[in-house]
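The values are calculated or read from the model by the stated rules, or taken from the named source; none is laboratory data. Keep in mind the model is a prediction, meaning the values are calculated, not measured. Reconstructed Cβ throughout: ideal geometry from the backbone, glycine too, with neighbour counts over all protein chains shown. Side chains included, ligands, DNA and RNA excluded: accessible areas come from the protein's heavy atoms. Shrake-Rupley method; radii C 1.70, N 1.55, O 1.52, S 1.80 Å.
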Amino acid sequence: MDDEDLTTHEVAAILRVSPATIRAWLREGTVFPHAYQLPGKAGWRIPRKDVEAVRQGKRGQEGSAEPPR
């Protein structure tokens, strides 16, 4: 795991949402465009740069200011 890649629980704590919300955003595929799923049931990893983009009101290339609710 890269030092800059975070787990769903870490991202949830940073963004103050539930881990289930993070997983829903991951399934949508646009909130964290560089996230990747680990083999088996090891979970997801989300690059810190994607998390910071959400915190700053930006996500992906689509220009939406907020993640879906």
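Of the residues examined, residue 11 is one that is buried (at least 17 other Cβ atoms within 10 Å of the Cβ), β-branched (Val, Ile, Thr), touching a residue at least 24 places away in the same chain (Cβ under 8 Å) and in contact with a strand residue (DSSP E or B) (Cβ under 7 Å, 6 or more places away or on another chain). Within segment 46-69, does at least one residue satisfy the condition of being under 10 Å from the mean Cα position of the chain (by Cα), open to solvent by 40 Å² or more (accessible area, probe 1.4 Å) and modelled with pLDDT under 90? There is no residue in segment 46-69 that is under 10 Å from the mean Cα position of the chain (by Cα), open to solvent by 40 Å² or more (accessible area, probe 1.4 Å) and modelled with pLDDT under 90.
Take residue 42 and decide whether it is among the aliphatic types (A, V, I, L, M) and modelled with pLDDT under 95.
Criteria met by residue 42.
With the requirement that a residue be part of a helix (DSSP H, G or I), without any contact (Cβ under 8 Å) to a residue 40 or more places away in the chain and surrounded by fewer than 16 Cβ atoms within 10 Å (Cβ to Cβ), what does segment 25-41 give you? Of everything in segment 25-41, just one residue is part of a helix (DSSP H, G or I), without any contact (Cβ under 8 Å) to a residue 40 or more places away in the chain and surrounded by fewer than 16 Cβ atoms within 10 Å (Cβ to Cβ), namely 27.
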